[in-house]
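Structure first, commentary second.
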Amino acid sequence: MTPTIKFNNVNALFSRTLKEKTNQYFKETLQKKTGNRRIFIKATILLLTFITLYSLLVFVQPHWAISIVLCILFGVNLAAIGFNIMHDAGHNSFSESKRLNTFLSYSLNLLGGNIYFWKLKHNIAHHTYTNIDGEDHDIEVKFMRIHHDQKLRKHHRYQRFYFPLLYGISYLAWIFYQDYEKYFKQRMGHSSEKFHFPRKEKLIFWTSKTLHFGLFVVLPVLIVGWLWTLLGLLIAGAVCGISLATVFQLAHVVSETEFKTIDKAKVEEEWMIHQIQSTANFSTKSKVLTWILGGLNYQVEHHLFPKISHVHYPALNRIVRQTCQEYNIKYNEFTSFWTAFRSHVQVIHAMSR
């Protein structure tokens, strides 16, 4: 993918200072930038939970009321695997071992996605050109307008009413439709150029999609029947989709973050400052939420240091805040989930007019 926009990284004093402080922190604490014992314990818990919930729903088949609760928990578990295991591994920050990172990144394929597409869309486009229309494909949400450069259409006036439905179907639409759309069109977004798709990745695509379909559709249908399989898939998929979409939107699509219009293919700020301007944290005091979300409520730190594991984000948060104060740079952080969510709804409403 050919870069089309450049950042003003000449005399990037803020970036140099922040990098120096961060490197000094790891040097003084004698820690590795990748995950530690805690992330391996968490990954084990999440994967064992996946096996347990799947086995209960498919092979034990408890009372329907209990099954609904288990499906909800299963949806949360799927999202948590993505947040904690796949996400760090996909950024090569889970472990020092590249092989282990590669292996664990394929947990996305287990959940029905495709890690090759994800790295192109997320690691390259989203993390480089955050909140820039036409470059950051994560803000290209069908039937929604969340950037002022996106064309206003008639149906957008109702988006503040139907956005929860879109978030609810986003995960199932992703794995059962959008991945195939990318495969055959070989484009990440409607305005992006074609990407290279190696034969090996095509083979992995079809193999993993077939295995996922067998595990999540064929086997459950054979054992519990098509109706209960459909209901279970819809419940778990909706919970997972809402979880994934909401975390992303609260990190970038809120009233405090910037959505820039790029006229001359150049961003005036250095790359790190742009990341701070286009990203926000939320509810960082909640240890429970931080554990479940894999530290993605510390989204500012993640965008500044995507190759550092999320287990270090709380410590980096203090360093980034202090450096922003030194250079008089606005740092976006919401004290709670709900204040961030209200801000997100305000953006949706503003972009509908």
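A quick yes/no check of all residues on (1) open to solvent by 50 Å² or more (accessible area, probe 1.4 Å); (2) without any contact (Cβ under 8 Å) to a residue 40 or more places away in the chain; (3) in contact with a strand residue (DSSP E or B) (Cβ under 7 Å, 6 or more places away or on another chain); (4) not acidic (Asp, Glu):
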residue	(1), (2), (3), (4)
Gln61	yes, no, no, yes
Ala65	no, yes, no, yes
Phe74	no, no, no, yes
Asn84	no, no, no, yes
Ser95	no, no, no, yes
Glu135	no, no, no, no
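In this structure, is Ser55 more than 21 Å from Ile242 (Cα to Cα) and crowded, with 20+ Cβ neighbours inside 10 Å? Give the derivation first.
Details: more than 21 Å from Ile242 (Cα to Cα): yes; crowded, with 20+ Cβ neighbours inside 10 Å: no.
So Ser55 fails the test.
Inside region 261-274, can you point out the residues that are open to solvent by 40 Å² or more (accessible area, probe 1.4 Å) and in contact (Cβ under 8 Å) with a residue 40 or more places away in the chain?
Result: Thr261, Ile262, Ala265, Lys266, Glu268, Glu269, Trp271.
Is it the case, given these coordinates, that Tyr158 is open to solvent by less than 50 Å² (accessible area, probe 1.4 Å) and assigned to a helix (DSSP H, G or I)? Give the steps one after another, and end with the answer.
Working: open to solvent by less than 50 Å² (accessible area, probe 1.4 Å): no; assigned to a helix (DSSP H, G or I): yes.
Answer is no for this residue.
Looking at region 197-226, I want the residues that are more than 30 Å from Pro62 (Cα to Cα) and have a partner that is open to solvent by less than 70 Å² (accessible area, probe 1.4 Å) and not β-branched (Val, Ile, Thr) with Cβ atoms under 7 Å, at least 6 apart or on another chain. Which pairs are those?
Taking only residues 6 or more apart or on different chains, the pairs are Phe197/Gln186; Glu201/Tyr116; Phe205/Asn114; Phe205/Tyr183.
Here is a list: Glu258, Glu301. Which entry is acidic (Asp, Glu), within 15 Å of the chain's Cα centre (by Cα) and either buried (at least 17 other Cβ atoms within 10 Å of the Cβ) or assigned to a loop (DSSP other than H, G, I, E, B) (or both)?
On the way: Glu258 fails: within 15 Å of the chain's Cα centre (by Cα).
Criteria check complete, one pass: Glu301.
For region 67-86, name all the residues that are in contact with a Ser or Thr (Cβ under 9 Å, 6 or more places away or on another chain) and under 19 Å from Gly295 (Cα atoms).
Gly75, Val76, Asn77, Leu78, Ala79, Ala80, Ile81, Gly82, Phe83, Ile85, Met86
Look at His127 and say whether it is open to solvent by less than 20 Å² (accessible area, probe 1.4 Å), in a helix (DSSP H, G or I) and modelled with pLDDT under 95.
yes
Starting from residues that are open to solvent by 10 Å² or more (accessible area, probe 1.4 Å) and in a loop (DSSP other than H, G, I, E, B), keep the ones in region 275-295 and report whichever is nearest to Ala80 (Cα to Cα).
Restricting attention to region 275-295, the residues satisfying the condition of being open to solvent by 10 Å² or more (accessible area, probe 1.4 Å) are 277, 283-293.
Applying the additional criterion that residues be in a loop (DSSP other than H, G, I, E, B) yields 283-286, 293.
Details: Ser283: 17, Thr284: 17, Lys285: 19, Ser286: 16, Leu293: 6 Å.
Top of the filtered list is Leu293.
Working only within region 161-191, note down all residues that are outside any helix (DSSP H, G or I) and charged (D, E, K, R).
First, pick out the residues of region 161-191 that are outside any helix (DSSP H, G or I): 186-191.
If the condition is that a residue be outside any helix (DSSP H, G or I) and charged (D, E, K, R), then Arg187 is the only one that fits.
Residues to consider are Leu231, Leu316; find the one that is assigned to a helix (DSSP H, G or I) and open to solvent by 10 Å² or more (accessible area, probe 1.4 Å). Talk me through it step by step, then tell me what you get.
Details: Leu316 fails: open to solvent by 10 Å² or more (accessible area, probe 1.4 Å).
Sole residue among the options that is assigned to a helix (DSSP H, G or I) and open to solvent by 10 Å² or more (accessible area, probe 1.4 Å): Leu231.
Would you say Ala245 is closer than 29 Å to Trp64 by Cα, in contact with a Gly (Cβ under 8 Å, 6 or more places away or on another chain) and not aromatic (Phe, Trp, Tyr)? Can you show your working first?
Values: closer than 29 Å to Trp64 by Cα: yes; in contact with a Gly (Cβ under 8 Å, 6 or more places away or on another chain): no; not aromatic (Phe, Trp, Tyr): yes.
No, not satisfied.
What is the one condition in (1) at pLDDT 95 or above; (2) more than 25 Å from Ser278 (Cα to Cα); (3) crowded, with 21+ Cβ neighbours inside 10 Å that Thr44 does not satisfy?
Here Thr44 clears every test but (3).
The values are calculated or read from the model by the stated rules, or taken from the named source; none is laboratory data. If you're wondering where the values come from, they're calculated on a predicted model, not measured in any experiment. Glycine gets a Cβ as well: all are built from the backbone with ideal geometry, and neighbour counts include every protein chain shown. What goes into the accessible areas is simple: the full protein's heavy atoms, side chains included, and nothing from ligands, DNA or RNA. Shrake-Rupley method; radii C 1.70, N 1.55, O 1.52, S 1.80 Å.
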